[in-house]
Amino acid sequence: MESRDAEAKMEPVKATSLEEVLKAAMERKGNVPAQFWASERLQHGLQLSDDALTLSHSSPAATSTECSVQARWPLTLMNGVGYYEIDVLHCSSPGSSVMVGLANKGFSTLRHPSGRKQCVGYLSAGKVTRYEETIPYGSRYGSGDRIGCGFCKRTREVWFTKNGRYLGDAVAYPELGLDQVYPMVTVEQAAITGVFEPSRFKWCATDFINDERKFIIKAVLEAPLPTRDVTAEMVASYLLFHGYSKTFHQFLKAYPIENGRVLLNRLARKPRGYSEDGEEEEGDDEPMQCDSPGVDSLPRSVPELVQYSRLELRSAVIASIMDGKVREAARLIEEEVPDLVGQLRPVLVSQVFVESLRNDDLEAAMAAIAQPECNTPDGPHPAVANVVGLLAYADPSTSPLAHLLTDSQRRHVADTVNAAILEHLKVQPESIVESMIKHITTIPVLAKERFCPGVSF
């Protein structure tokens with residue numbers, strides 16, 4: 001009955017922009033839906049209901065073409081696990097087909113997703129498409145069926161359900177989830193409705209979510225922590241990791257660190273923990289080797305650690321980005337760590353674009369994102385796609401994306417670049433203080449779980 005009612009309410013597309021979808025939702029229900037299908041670039045006979053949840057495709061058989069649409073927002077993750085469902089309203093006539101799946105941010109929906117990277121989907125013909133192959137999976141589905149799609153960010157695995165039943169054999173897809181992932185559907189001569197509210201799901205993802213939660217808690221508790229009072233080294237590690245050069249040196253004058261044993265161990269050795277497949281790792285008794293230019297051996301003192309971690313360089317790069325001088329930061333990186341230029345260029349170019357808009361220089365902004373490295377075969381680089389939406393608004397400073405024009409975005413870019421440099425130098429990318437905070441927040445949660453079972457928290 002629910003499917004028939006939804007099908008009866010189908011109307012030609014009325015909303016052609018994000019603002020119109022939100023306006024229609026506010027007028028109808030008094031609130032904005034938590035998730036809905038993006039309404040841009042509707043094509044080939046695809047229609048979208050005014051609540052942007054129901055998709056219908058119909059066109060003459062001779063000209064029929066599959067149409068793909070992504071959700072407006074990324075898949076909501078809880079403990080790194082996300083899930084959504086769709087109702088298949090109609091998919092029974094000759095030539096009808098539906099594909100339910102996930103795609104990375106910036107994935108182009110102008111071509112059929114089968115056989116393309118950064119996308120995986122479950123076809124109504126009872127197959128899964130990924131990479132350049134289509135393999136048998138589950139069973140066929142059609143009108144009246146409820147299909148679900150789940151994702152685990154840690155393992156990059158995707159699985160599917162049918163009418164509340166887990167179909168098993170999760171599909172590993174390493175390319176998926178490097179950034180945010182988005183629900184995506186493809187329809188041909190068919191109609192579907194998105195179901196994004198957990199209370200309406202036919203399949204419960206609680207077990208998957210709890211398993212990931214236990215993994216996260218175990219990994220956090222197994223991370224090494226100092227066993228003695230090392231307050232000064234904790235503070236110093238935070239300042240060192242985040243590139244606060246002047247404060248770091250002033251702090252050492254006030255609180256000298258004699259041997260820096262814990263500081264050196266934390267930042268220059270591989271921690272004990274768990275691998276991506278969940279297997280316990282013993283960690284290294286010997287220091288990690290570093291193959292970065294100019295570094296012959298691991299530091300044995302705090303002054304050596306300062307040089308080893310390129311504190312002064314990172315401090316200058318962070319200061320330049322926070323001052324809006326992104327090109328200066330790029331120059332420093334190109335001179336000092338040229339191996340990182342290719343990796344960081346899209347991130348820096350995207351911030352050049354933002355800074356140009358902050359200065360009302362549209363021409364410079366467009367020139368920045370026109371560079372070849374800003375685009376991939378499947379569309380804009382994720383870092384660029386994240387900010388280019390500012391162009392859709394006459395006054396970006398009052399738009400939903402206005403936060404991209406603030407200092408918080410500069411800080412995000414600076415932190416990303418700083419972490420990339422540390423990773424390149426093979427320095428442990430987490431200060432002692434941050435590990436302590438993880439323990440402090442995780443232990444009470446674990447205690448409640450053990451001693452107050454069944455209590456929601």
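Identify all residues within the range 368-382 that are in contact (Cβ under 8 Å) with a residue 40 or more places away in the chain and in a helix (DSSP H, G or I); write none if there are none.
Result: Pro382, single match.
Tell me yes or no: at least one residue of the range 194-217 is at pLDDT below 85, under 22 Å from Gln70 (Cα atoms) and of a type in the set (Val, Ile, Thr).
no
Determine whether the range 340-359 contains at least one residue that is in contact with a helix residue (DSSP H, G or I) (Cβ under 9 Å, 6 or more places away or on another chain), open to solvent by less than 50 Å² (accessible area, probe 1.4 Å) and at pLDDT below 85.
no
Look at the range 427-440 and say how many of its residues are open to solvent by 70 Å² or more (accessible area, probe 1.4 Å) and either closer than 26 Å to Glu328 by Cα or without any contact (Cβ under 8 Å) to a residue 40 or more places away in the chain (or both).
Counting residues in the range 427-440 that are open to solvent by 70 Å² or more (accessible area, probe 1.4 Å) and either closer than 26 Å to Glu328 by Cα or without any contact (Cβ under 8 Å) to a residue 40 or more places away in the chain (or both) gives 3.
Glu334 fails exactly one of the following numbered conditions: (1) over 22 Å from the mean Cα position of the chain (by Cα); (2) among the charged types (D, E, K, R); (3) buried (at least 16 other Cβ atoms within 10 Å of the Cβ). What is the number of that condition?
For Glu334, the exception is condition (3).
Kindly evaluate Arg327 against the criterion of being at pLDDT 90 or above, part of a helix (DSSP H, G or I), basic (Lys, Arg) and open to solvent by 20 Å² or more (accessible area, probe 1.4 Å).
yes
Pick out the one residue from Ala385, Ala394 that is part of a loop (DSSP other than H, G, I, E, B) and either touching a helix residue (DSSP H, G or I) at 6+ places or on another chain (Cβ under 6 Å) or on the phi < 0 side of the Ramachandran plot (or both).
Being part of a loop (DSSP other than H, G, I, E, B) and either touching a helix residue (DSSP H, G or I) at 6+ places or on another chain (Cβ under 6 Å) or on the phi < 0 side of the Ramachandran plot (or both) holds for just one of Ala385, Ala394, which is Ala394.
Answer yes if at least one residue in the range 405-417 is more than 27 Å from Leu313 (Cα to Cα), without any contact (Cβ under 8 Å) to a residue 60 or more places away in the chain and open to solvent by 30 Å² or more (accessible area, probe 1.4 Å), and no otherwise.
Checked against the condition, which is being more than 27 Å from Leu313 (Cα to Cα), without any contact (Cβ under 8 Å) to a residue 60 or more places away in the chain and open to solvent by 30 Å² or more (accessible area, probe 1.4 Å), the range 405-417 yields no hits at all.
Would you confirm whether any residue within the range 261-275 is in contact with a strand residue (DSSP E or B) (Cβ under 8 Å, 6 or more places away or on another chain), modelled with pLDDT under 65, assigned to a loop (DSSP other than H, G, I, E, B) and surrounded by fewer than 17 Cβ atoms within 10 Å (Cβ to Cβ)?
Yes, the range 261-275 contains a residue that is in contact with a strand residue (DSSP E or B) (Cβ under 8 Å, 6 or more places away or on another chain), modelled with pLDDT under 65, assigned to a loop (DSSP other than H, G, I, E, B) and surrounded by fewer than 17 Cβ atoms within 10 Å (Cβ to Cβ).
Tell me which residues, restricted to the range 201-217, are in contact with a strand residue (DSSP E or B) (Cβ under 8 Å, 6 or more places away or on another chain), part of a helix (DSSP H, G or I) and open to solvent by 40 Å² or more (accessible area, probe 1.4 Å).
Phe208, Phe215
If I filter the range 69-87 for residues that are open to solvent by less than 50 Å² (accessible area, probe 1.4 Å), out of contact with any strand residue (DSSP E or B) (no Cβ under 9 Å at 6 or more places or on another chain) and either modelled with pLDDT under 75 or of a type in the set (Phe, Trp, Tyr) (or both), do I get at least one hit?
So far as the range 69-87 goes, no, none of its residues is open to solvent by less than 50 Å² (accessible area, probe 1.4 Å), out of contact with any strand residue (DSSP E or B) (no Cβ under 9 Å at 6 or more places or on another chain) and either modelled with pLDDT under 75 or of a type in the set (Phe, Trp, Tyr) (or both).
Would you tally the residues in the range 379-395 being crowded, with 20+ Cβ neighbours inside 10 Å and over 21 Å from the mean Cα position of the chain (by Cα)?
Of the residues in that region, 0 qualify.
Test each condition in (1) modelled with pLDDT under 85; (2) of a type outside the set (D, E, K, R); (3) surrounded by fewer than 18 Cβ atoms within 10 Å (Cβ to Cβ) for Tyr173 and report the one that comes out false.
It is condition (3) that Tyr173 fails.
Run Thr376 past the list (1) of a type in the set (S, T, N, Q); (2) within 29 Å of Cys119 (Cα to Cα); (3) open to solvent by less than 20 Å² (accessible area, probe 1.4 Å) and report the number of the one that doesn't hold.
Condition not satisfied by Thr376: (3).
Can you name the residue in the range 299-324 that is outside any helix (DSSP H, G or I) and among the charged types (D, E, K, R) and is also surrounded by the fewest Cβ atoms within 10 Å (Cβ to Cβ) among such residues?
This residue is Asp323.
Condition test on Gly138, is it in contact with a helix residue (DSSP H, G or I) (Cβ under 9 Å, 6 or more places away or on another chain), part of a loop (DSSP other than H, G, I, E, B) and either β-branched (Val, Ile, Thr) or within 27 Å of Cys67 (Cβ to Cβ) (or both)?
No, not satisfied.
So which residues in the range 218-259 are in contact with a strand residue (DSSP E or B) (Cβ under 8 Å, 6 or more places away or on another chain), of a type in the set (Gly, Ala, Ser) and modelled with pLDDT of 80 or more?
Of everything in the range 218-259, nothing turns out to be in contact with a strand residue (DSSP E or B) (Cβ under 8 Å, 6 or more places away or on another chain), of a type in the set (Gly, Ala, Ser) and modelled with pLDDT of 80 or more.
Within the range 399-444, can you find the residues that are among the hydrophobic types (A, V, I, L, M, F, W, C) and part of a loop (DSSP other than H, G, I, E, B)?
Matches in the range 399-444: Leu401, Leu425, Val427.
The values are calculated or read from the model by the stated rules, or taken from the named source; none is laboratory data. These numbers were taken from a predicted model, which means no experiment stands behind them. Glycine also receives a Cβ, built like all others from the backbone with ideal geometry; neighbour counts cover every protein chain displayed. Each accessible area value is taken on the protein alone, full model and side chains, heavy atoms only, with ligands, DNA and RNA left out. Shrake-Rupley method; radii C 1.70, N 1.55, O 1.52, S 1.80 Å.
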